Amino acid sequence: MFFRNRTASKPRAVAFVDYEHWFISLNKMYHIKPDIRGWVKDMSNSMDVKDLYFFGDFSNNATLRDEITRIRGFTSKIIETGNASGRIKKDFTDFIMLDHIYQEAMARRDHIDVFILFTGDAHFNSAASFLRNICKKEVGIYGIRGGFSNQLKTTASWWVEYPNDAERLKPYFQVIFTSLDRLEKSDKKRKGLPTFIRTVETVSTTNNLPRDDVRQAMQWLVDNGYILRRQQNSFGKKIMTIDVDWHKVVTDGLWTPEALKK
């Protein structure tokens, strides 16, 4: 499993994921899928995650069912919360997840330092309070921006809202890098050297995307070293052009060349 090689100095953690909250909220509000790998990596940087539980009505939701293969890349502890009647009730997932949290708190209270919950539902406020005040555990809560209870945030030891900038802007990265890749393979002398502003205009116009969002995505890529600004001479004038660190871009999974998608 993904979590085995961790240093003993890190706090021991167990995580409980309301995958319906994560998947459906991201899809409805931001039209993107959960970045499970990125989330696991974020947690594992500071914690020794002993177990990871995913909860959801996978049997009655075909789209959610398709996610099982991805989830199995990180844990085999996938808890089905659907009921036999086929009627989907979100409270079933909450109830089953709460039951597992309380059982883990009682059975492993001496072996776990941090309880991580991925949910934005205020129904979990009492459980978070119990873990902190009765069990004396650290409680970290992840939730989706726009669907995260303020009361739950207040009860947590710490909380994180998703999507973060990288996750929210990722759909723009693909079109930005595709545009720059095509320019590199074309006659630059004819089309002109790539600049920050010219790339924003081209990508937003060609793909009918909001200019401000494309500009924000471009700035994030510059700030994080994926796109580099360089001063060059062009027809006797100094202009600020851009280059791409393609190795870093592909290694970090920010862009998939069109040829590899086929």
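The values are calculated or read from the model by the stated rules, or taken from the named source; none is laboratory data. Just so you know, these numbers come straight off a predicted model, no measurement behind them. Cβ: placed from backbone, ideal geometry, glycine included. Neighbour counts: every protein chain shown. These area figures cover heavy atoms from the full protein model, side chains too; ligands, DNA and RNA do not enter into them. Shrake-Rupley method; radii C 1.70, N 1.55, O 1.52, S 1.80 Å.
By the gyration tensor of its Cα atoms, with a ≥ b ≥ c the square roots of the eigenvalues, what is the shape of the chain: rounded for a/c under 1.5, prolate for a/b over b/c, or oblate? Here the chain falls in the prolate category. Tell me whether the stretch 10-108 comes out rounded, prolate or oblate; compute the Cα gyration tensor, take square roots of the eigenvalues as a ≥ b ≥ c, and use a/c under 1.5 as the rounded threshold. Taking the square roots of the gyration eigenvalues as a ≥ b ≥ c, the stretch 10-108 is oblate. Subtracting the Cα-Cα distance of ARG198 and ARG182 from 0.36 nm times their residue separation leaves 4.3 nm of extension gain. Distance from the C-alpha centroid of the stretch 92-115 to that of the stretch 33-54: 17 Å, rounded to the whole angstrom.
Shape class of the stretch 87-160 from the alpha-carbon gyration tensor: oblate, with a/c at 1.5 or above and b/c at least as large as a/b. Rounded to the nearest 10 degrees, the inclination of helix 19-30 to the longest alpha-carbon principal axis of the chain is 30 degrees. The GNM of the chain, with springs linking C-alpha atoms under 10 angstrom apart, assigns the highest mean-square fluctuation among ARG70, ARG12, ARG109 to ARG70.
Taking a straight line from the alpha carbon of LYS77, these aspartates and glutamates sit under 12 Å away, with near neighbours fewer than eight places off in the same chain left out: ASP51. Among beta bridges identified by DSSP and lying wholly in the stretch 124-246, the antiparallel ones come to about 60 percent. Beta bridges assigned by DSSP with both partners in the chain are antiparallel in approximately 25 percent of cases. Potential lengthening of the chain between LYS41 and TYR102 amounts to 19.4 nm, from the contour at 0.36 nm per residue minus the alpha-carbon distance. Distance between the modelled labels on LYS136 and ARG230, one decimal in nanometres: 5.9 nm (7 Å Cα→Cβ projection). Share of the chain's accessible area from carbon and sulfur, percent, 1.4 Å? C and S fraction of accessible area: 49 percent. Given their separation in residues at 0.36 nm each and the Cα-Cα distance between them, GLN219 and LYS33 gain 64.7 nm when the chain is fully extended. Between HIS123 and ASP252, the C-beta separation translates, for a Förster distance of 41 Å, into a calculated FRET efficiency of about 0.70.
Rolling a 1.4 angstrom probe over the protein heavy atoms with all chains in place gives the chain an accessible area of 54 Å² per residue. Think of each Lys and Arg Cβ as +1 and each Asp and Glu Cβ as -1; about the Cα centre, that makes the dipole of the stretch 124-204 roughly 180 debye.
Mean residue ellipticity, 222 nm, helices only, the chain: the sum of -39500 (n - 2.57) across DSSP H runs of n ≥ 4, divided by residue count and rounded to 500, is -13000 deg cm²/dmol. Could you tally the net charge around HIS100, taking each other residue with its Cβ under 13 Å from the Cβ of HIS100, Lys/Arg +1 and Asp/Glu -1? Residues close to HIS100 contribute a combined charge of -4.
The dipole here belongs to the chain: it is taken about the Cα centre, uses +1 on the Cβ of Lys and Arg and -1 on the Cβ of Asp and Glu, and is about 1000 debye.
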